[in-house]
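The values are calculated or read from the model by the stated rules, or taken from the named source; none is laboratory data. Just so we're clear, the structure is a prediction, and the values are computed from it rather than from any experiment. Counting neighbours? That spans all protein chains shown, and the Cβs are built from the backbone with ideal geometry, glycine included. Surface accessibility is based on the protein's heavy atoms, side chains included, excluding ligands, DNA and RNA. Shrake-Rupley method; radii C 1.70, N 1.55, O 1.52, S 1.80 Å.
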Amino acid sequence: MMLLKINNLCKSFGGLSAVLNFNLEIRENELIGLIGPNGAGKTTVFNLITGVYKPDAGEIIFKGENIGGLPPYVICQKGIARTFQNIRLFNNLTVMENVKIALHKNVPYSLPAALFRLNSFYRGEKEIEEEAIRWLKLFNLDHRREEIASSLPYGEQRRLEIARALATHPTLLILDEPAAGMNPNETLELMELIRRLRDEFKLAILLIEHDMSLVMGVCERIYVLDYGQVIAEGKPEEIRNNKRVIEAYLGEEV
Amino acid sequence: MLELMQQIVNGLSLGAIYALIALGYTMVYGIIKLINFAHGDVMMVGAYVGFFSVSMLGTNIVVAMIFAMLACALLGVIIEKVAYKPLRRATRIAALITAIGVSLFLEYTTIFFLTPQQRIFPQGTFPVQDYSLAGISVSNKDIFIFISAILLMVILQFIVKNTKTGKAMRAVSEDKDAAVLMGINVDNTISVTFAIGSALAAAAGVMIGVYYNTINPLMGILPGLKAFVAAVLGGIGIIPGAMVGGFILGILETLVSGYGNSLYRDAVAFGILILILLIKPTGIFGKNTGEKV
Amino acid sequence: MIMNVFANRWGKLGAEILILAFIFLFVQYFITVGVFNQYHQIIITSLCINIILAVSLNLINGFTGQLSLGHAGFMAVGAYVSVVLTKFMGMPFLVGLVGGCLAAAAAGFVIGVPTLRLKGDYLAIATLGFGEIIRVILQNIEYVGGPAGIVGIPKMTTWGWLFAGVVITIATIQNLINSSYGRAIISVREDEIASEVMGINITSYKVLAFVIGAFFAGLAGGLYAHYFYIIKPETFNFLKSFDVLVMVVLGGLGSTTGAVIAAAFITLLSAALQAFPAIRMIIYALILILLMIYRPQGLMGNKELSVKILGKIWSGKNDAA
Amino acid sequence: MRVSRKVVWLVLLLFAFGMVAGCGGKAGGGKEAAAEEILIGINAELSGAVASYGSNARDGALLAIEQINEQGGILGKKLKAIERDNKSSADEAMSVSADLVTKGIVAQIGPLTSGNVQGCTPVMMDNKIPLIAPAATAVSVTVNEKGETLDYIFRVCFIDPFQGTLMAQFAYDNLGARKAAILKDASNDYSKGLADYFKKTFIEKGGQIVAEEGFIKGDRDFRATLTKIRSLNPDFIYVPGYYEEVAPLIKQARELGINVAIGGGDGWDSPDMVEVAGKANLNNTYFTNHYSVEDPNPKVQEFVKAYRAKYNKDPDAFAALAYDAVQLLVQAIKDANSTNPEDIKNALANIKDFEGVTGKMTIDEQHNPVKAGVIIEFKDGKQVMNTRIEPK
């Protein structure tokens, strides 16, 4: 079944088109890559899908509903979660608190229950705590739980950000350069993790990545973006041999 | 119609005063992102220096203004070195509280040494000439203060945009660490910023003192606040914005008093300001620089 | 650990109540036997009111990260509405206080919804403007005395009311902050975009914090009015908002204990300096500047003072337990 | 964690109270009064919005105390002033009063403004210590809502209705004004009080109020409102404010070509008026006052001379009134032949024909001074007595 369908999406900044007539389709449980030279508009596409930017034109149909232009928190509540290219953790808070904030979406008790410390608050907090620990264990961050997020090494910060995104229980996870700054070993582990997440949580995943080994290794279909437009789409091997793609990447230098 | 013209003239001359103070405010803000709440009080000190220069040394008003500007430039640099520099890496709100402290310190040290009573500029410090143009009364001091505000804005804009110091200022404003790497002496640049900002405040102080005849140790609070509002209205950190903000505020207040109800003047003026901000959340000239994600 | 707290919940609650009762009776005893004379009682009153103001503003400025300069306006609403209810309409004090709080919260909602879209200094100016608007309106309402204000307000605020006010304010705000809703509020301060992408409606949480902060500012206003005999609009001008802001920043943004300590410090300092009229404000200003230079993050930073930390300081241990 | 935190705040609270108790123990325990000294509390606005007026009042009071002591004191004892700053706020004024009371004062002079005096009222009433207000003019200062006189609160200044009514009568009868405009300090209760009674009387007499406008303390630019008033063509403008605002206001009015008569109250009384507004601009302006600094009365001239000698400036109304407040207190102590606050209070309530700088006064049942009012006219920068209204 179709999970996300983007039709003729457009966005321009100060007269310059960042994204032009962009189309994309993601089925449930699919792993899609979005690649392209620097400045091709990939992150803009992500920002449009997650509501950080409002589209100028076009539709973003998620589970049969146009979510284009909705505020980010609504889009999150509908089941899309993301990470950021330049990690955006809550830097002064602990690892545990970072994940708990993501769990707020499904907070199991009411505001009065919190203010007056009703039983449901204690029960709910216990649930939240347990679930947060489950996520941290899954990402092997359990031992860091009381540490301040910004004090973590880079790779762990990336993992924490993915854990935090998953804690919102998305059906579509969007990863913006998850392997940036990782060594080959870490990248390999990440590939493994991405596959596992997809299978375990029945997720669709859309990712931007410059590391071709990761994209080619893990994605089932790939979209190539240049100057805000899709120039190619297909299976990894098709993309690898596509003339326009090669031109686009070579042309980047010119 | 005649009355409206008169009110607009009134508004422009009141606005020029706000603009004059707002210029220094916005410049310091633009470079080091500090809301210098002591700016109005530096203005007060400038007014006092000017006053003593005229009344005790018997200088003319131009010399008095130069004295005041020099004294306040020095004062501004000292304030920056002593009170703000240690907080350069701290949160902005910590610096804001320090600025409130400096403001109180200047006010009450002045009261301690010079009593809280107002001082009066000697008659004839500025030979006043009233003109009546088609029924609209204007005095030469209105014109003087109006031209000064515009002139100072142009000079300031020129300094910031076109001189080497100005480029250093803008570099510091963008990124202090990068500026250091580019070989810019950040400390000196900030000192110069404060010196210019404080000298501007002093000039405004002397002009206001002469304009209204009287000065007192708490004279900086209200105009300081209004100037801050004017600077925010224009888009804080933007030099032409401060001037436009000042004029808008002046005209707004005048029109509320003239055609609305003066008892509600500040409420209506603030109400309109908030409305403008809701429409233009970063002030009239402010660019809505959305955070890069 | 959470299991532990959960299991011992009722036991700890009992201990809390015991300690609170002890403090209450301790001070009450001193008042009754006259060790605390009228002067001390006035200072205790100011202290409690300042604690309520600082802790509630800290929710807005410290935990939510929204620079508000209009707190005195909410205090004014609480003060005036409570006095109208008690003095003019003859309602009981409790009704007056609650009415004042609700009115202030309503004002917070009306002001918060449009202005909280603004950021940083623009928000500061908008809130300052609203605070001044409230004051100017009060100045022009003949029913509440215009600039002369309301005189002869019956003295109803007692140590018991103040103590209850402080405890309720601190408990409510701490309960809020240490809950999922509080974490959502703090995430707004930390990173608005990340927070929103995590499904948090940042505007509504800003408004929530603003409304609760205003509610307790209203409480402070009601308690103030029923102790100091007279209220007038001038009392609640923007300089009053600055005073509260100073307490919050001095204590450390985002630290409730810090706000309490700073409120106590400022109140006692101010009282102690009354005897030096000539240099009073100069000393106050110098202390402010020096404290900020040497403790720019405030007395407590964003940490809370807890038995754990005290214990650590006591035993000189450094390991994080 | 959650629980332990709360506990600590409370312990901290306790510490704070302990500190207060500690401070108080020291201060309250040893009364500063040596047996041969009479302590007088001075609760003044020395910082904050009205610091300039408050410090003048303080100066006036201190001059009086110094003079009494030079003359050998009273009942064989010297007077000693304890000065405190109330930051121009009612709650601070209350805490200052409470502090002064614990120091063993026999009476308190000040604060200056009505609101701040009212802040002190409960403390003075509870502790049964008299307060003499130099310049608190609101009617409600000395009486409660039921109209009962507050036993321990006295004043030496006029009440609002007196001055407002007086000027309305003068403007209507003597100046022939029929269309008046009012320009008041919107943030100031004194200004509002005078304006209200002026309006009431003026309308009763058949006049018309064409505009009621306001300004705010600290304003220096009044042209917008003045331009509006000019277009309404009033034949009299009532500006019951303080001189720091009124002087530039009159100047700007004249510059805008408004040449009609302008009137005000005792807040105008300052040497600064002439210097700021200019001699010519002040012609055709009138204000109600207690006395005139130009009054040849030796009592007045001695005061003005002594004040000049000590402070190197001319006194304003606040200095003169505070001076009289102290002198009135001294008179009461003499009459009572006691320094017991209760006796002083009784003596104060019975004072008759006390000769003060601001006039001969008798304290009435509501603790207000009954004294003659004068209307002063500025003529080429000189204060000239235009009319004298004897008390009924």
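Based on protein heavy atoms only, the stretch A:164-236 ends up with 38 Å² per residue of surface accessible to a 1.4 Å probe.
Helices in chain D that qualify as membrane-span-like (whole DSSP H runs, Cα extent of at least 15 Å along the helix axis, mean Kyte-Doolittle hydropathy of 0.0 or higher) are D:2-29, D:90-102, D:317-336. Hydrodynamic radius of the stretch D:203-334 by the Kirkwood approach over all distinct alpha-carbon pairs: 16.5 Å. In summary, the aspartates and glutamates within cross-link reach of D:Lys205, defined as a Cα separation below 15 angstrom excluding same-chain residues under 8 places away, comprise D:Asp173, D:Asp196.
Averaging Cα coordinates gives a centre for the stretch D:283-301 and one for the stretch A:122-183; these two points are 82 Å apart. In Å², rounded to the nearest 100, what is the total accessible surface buried by chains C and D against each other with a 1.4 Å probe? Protein heavy atoms only, the C-D interface buries about 5100 Å².
Ligands, DNA and RNA aside, B:Thr115 has an accessible area near 60 Å² when probed at 1.4 Å.
Roughly how big is the C-B contact, given as buried accessible area in Å² (both sides, 1.4 Å probe, nearest 100)?
On the way: alone 16520 and 14410 Å², together 27340 Å².
That pair of chains buries around 3600 Å² in total.
Among beta bridges from DSSP that stay inside the protein assembly as shown, the antiparallel ones total about 50%. Based on DSSP H segments of at least four residues, each scored -39500 (n - 2.57), chain C has a per-residue ellipticity at 222 nm of -23000 deg cm²/dmol.
Give me the one-decimal Kirkwood hydrodynamic radius in Å for the stretch D:301-392, with the sum taken over alpha-carbon pairs. It would help to have the intermediate numbers written out before the result.
Working: mean 1/r = 0.0676 Å⁻¹.
Answer for the stretch D:301-392: a Kirkwood hydrodynamic radius of 14.8 Å.
Within the same chain, aspartates and glutamates fewer than 8 places from D:Lys352 are excluded, and of the rest, those with a Cα less than 20 Å from its Cα are D:Asp151, D:Asp324, D:Asp335, D:Glu342, D:Asp343, D:Asp364, D:Glu365, D:Glu390.
The accessible surface of chain C, taken with every protein chain in place and a 1.4 Å probe, is 72 percent carbon and sulfur. Taking amide hydrogens as placed 1.01 Å from N in the peptide plane, the amide H of A:Gly33 sits under 5 Å from those of A:Leu207, A:Glu220, A:Arg221, A:Ile222, A:Tyr223, each at least 5 positions away in sequence or on another chain.
Accessible area per residue for chain C, computed on protein heavy atoms with a 1.4 Å probe, is 33 Å². Restricting the calculation to Cα atoms, the stretch B:132-185 yields a radius of gyration followed by a Dmax of 18.9, 60 Å.
Counting lysine pairs in chain C whose alpha carbons fall under 23 angstrom apart, excluding pairs fewer than 8 residues apart on the same chain, gives 15.
With every protein chain in place and a 1.4 angstrom probe, the accessible-area ranking of D:Ser97, D:Ser140, largest first, reads D:Ser140, D:Ser97. In chain D, helical runs assigned H by DSSP with n ≥ 4 each contribute -39500 (n - 2.57); averaged across all residues and rounded to the nearest 500, the mean residue ellipticity at 222 nm is -14500 deg cm²/dmol.
What Kirkwood radius, in Å to one decimal, follows from the Cα pairs of the stretch C:75-142?
12.9
Could you state the number of Å between the C-alpha centres of the stretch B:108-150 and the stretch D:48-119? Answer, in whole Å: 36.
Computed on the stretch A:3-80, the Cα convex hull volume stands at 84 Å³ per residue.
Counting only protein heavy atoms and using a 1.4 Å probe, what share of the accessible area of chain B belongs to carbon plus sulfur, as a whole percent? Could the numbers behind the result be given before it?
Working: 7790 of 11080 Å².
Here it works out to 70 percent.
Mind checking the alpha-carbon convex hull of the stretch C:41-236 and giving the volume per residue in Å³? Intermediate values should be presented prior to the final figure.
Working: hull volume 20.0 nm³, N = 196.
In the stretch C:41-236, the Cα hull volume divided by residue count equals 102 Å³.
Among the residues of the stretch D:107-145, those with an accessible-area drop of 40 Å² or more from chain alone to full protein complex, heavy atoms and 1.4 Å probe, are D:Gln118, D:Glu145. Percent of Cα pairs in the stretch B:27-117 per distance bin of 5 Å, from zero to the largest separation: 3, 14, 21, 22, 17, 11, 8, 3, 1, 0. Hydrodynamic analysis of the stretch C:1-130 uses the Kirkwood radius over alpha carbon pairs. Inserted into Stokes-Einstein at 25 °C and 0.890 mPa s, it gives a translational diffusion coefficient of 137 µm²/s. List, by residue number, every residue in the stretch A:85-103 with a reduction of 50 Å² or greater in accessible area between the chain on its own and the complete protein assembly, 1.4 Å probe. So the qualifying set is A:Arg88, A:Phe90, A:Ile101.
Please go through the stretch C:196-231 and write out the chymotrypsin sites (Phe, Trp or Tyr not before Pro) that DSSP classes as loop and that have at most 10 other C-beta atoms within 10 Å. Kindly include the intermediate steps, with their values, before the conclusion.
Details: sites: C:Tyr205, C:Phe210, C:Phe215, C:Phe216, C:Tyr224, C:Tyr227, C:Phe228, C:Tyr229; in loops: C:Tyr227, C:Phe228, C:Tyr229.
Nothing satisfies the criteria.
The label point for C:Tyr143 and the one for B:Phe158, both projected 7 Å from the Cα toward the Cβ, are 5.9 nm apart.
Per residue, chain A reaches -11500 deg cm²/dmol at 222 nm when only DSSP H runs of four or more residues are counted, each adding -39500 (n - 2.57). Here is the link list: A:Lys5/A:Lys100; A:Lys105/A:Lys202; B:Lys226/D:Lys192; B:Lys176/B:Lys287. Which ones come out longer than 23 Å on Cα distance? As for pairs spanning more than 23 Å Cα to Cα, those are A:Lys5/A:Lys100; B:Lys226/D:Lys192.
What does the accessible area per residue of the stretch D:161-289 come to in Å², with a 1.4 Å probe and no ligands, DNA or RNA counted?
Numbers: 3470 Å² over 129 residues.
Accessible area per residue: 27 Å².
Placing pseudo-labels 7 Å out from each Cα toward the beta carbon at A:Asp199 and D:Val384 gives an inter-label distance of 10.9 nm.
Top to bottom by accessible area (1.4 Å), largest first, where do D:Val384, C:Val188 land?
Values: D:Val384 50, C:Val188 5 Å².
If we order D:Val384, C:Val188 from most to least accessible, we get D:Val384, C:Val188.
Taking all protein chains together, D:Ser89, D:Ser231 sort by accessible area into D:Ser231, D:Ser89, largest first [probe 1.4 Å].
Note the direction-averaged projected area, equal to a quarter of the hull surface, for the Cα convex hull of chain D, in nm².
On the way: hull surface 90.4 nm².
Over every viewing direction, the Cα hull of chain D projects on average to 22.6 nm².
Of the cross-linked pairs D:Lys305/D:Lys345; D:Lys184/D:Lys382; D:Lys87/D:Lys217; A:Lys11/A:Lys63; D:Lys310/D:Lys360, those separated by over 27 Å at the C-alpha level are D:Lys305/D:Lys345. Overall, the protein assembly as shown carries a charge dipole of about 1240 debye about its Cα centre when +1 sits on the Cβ of Lys and Arg and -1 on the Cβ of Asp and Glu, all other atoms neutral. Surface composition of the stretch D:228-364: carbon and sulfur atoms hold 44% of the protein heavy-atom accessible area at a 1.4 Å probe. For the pair B:Ser132 and B:Asn60, a Förster radius of 25 Å applied to the C-beta separation gives a FRET efficiency near 0.35, rounded to the nearest 0.05.
In this structure, the amide hydrogen of D:Gly73, modeled 1.01 Å from its nitrogen in the peptide plane, lies closer than 5 angstrom to no residue at least 5 positions away or on a different chain.
For the stretch C:28-56, accessible area lost to neighbouring protein chains reaches 20 Å² or more, against the chain alone with a 1.4 Å probe, at C:Phe36, C:Asn37, C:Gln38, C:Tyr39, C:His40, C:Ile42, C:Ile44, C:Leu47. Looking at the stretch D:161-289 alone, DSSP beta bridges between its own residues are antiparallel in about 0 percent of cases. Under 5 Å between amide hydrogens, built in the peptide plane, is the criterion, and for D:Arg178 it picks out D:Asp235 among residues at least 5 positions away or on other chains. For A:Gly14, neighbours were defined as the other residues whose beta-carbon sits under 13 Å from its Cβ, and their charges (Lys and Arg +1, Asp and Glu -1) total +1.
Count the net charge of all other residues whose Cβ sits under 14 Å from the Cβ of D:Arg230, scoring Lys and Arg as +1 and Asp and Glu as -1. The partial results should precede the final answer.
Values: positive: D:Lys179, D:Arg223, D:Lys228, D:Arg254; negative: B:Glu3, D:Glu213, D:Asp235, D:Glu255.
That works out to 0.
With r defined as the distance between the Cβ atoms of C:Leu25 and D:Ser338 and R0 fixed at 41 Å, what FRET efficiency is calculated, to the nearest 0.05? After rounding, the FRET efficiency stands at 0.50. Between chain B and chain D, the total buried accessible area stands at approximately 2800 Å², from heavy atoms with a 1.4 Å probe.
Using the 2.2 N^0.38 Å rule of thumb for compact globular proteins, work out how the protein assembly as shown stacks up: its C-alpha Rg over that value, please.
Numbers: Rg = 34.0 Å, N = 1260, 2.2 N^0.38 = 33.2 Å.
Against the compact-globule rule of thumb, the ratio is 1.03.
What per residue convex hull volume, in Å³, comes out for the stretch A:46-161 when only alpha-carbon positions are used?
Values: hull volume 15.2 nm³, N = 116.
Value for the stretch A:46-161: 131 Å³ per residue.
Based on a Kirkwood Rh over C-alpha pairs, give the Stokes-Einstein translational diffusion coefficient of chain A at 37 °C and viscosity 0.692 mPa s in µm²/s.
Working: Rh = 19.1 Å.
It comes out at roughly 172 µm²/s.
Give me Rg/Rg_expected for the stretch D:348-392, where Rg uses Cα atoms only and Rg_expected = 2.2 N^0.38 Å with N residues. Walk me through the numbers on the way to the answer.
Numbers: Rg = 13.1 Å, N = 45, 2.2 N^0.38 = 9.3 Å.
In units of the 2.2 N^0.38 Å rule of thumb, it is 1.40.
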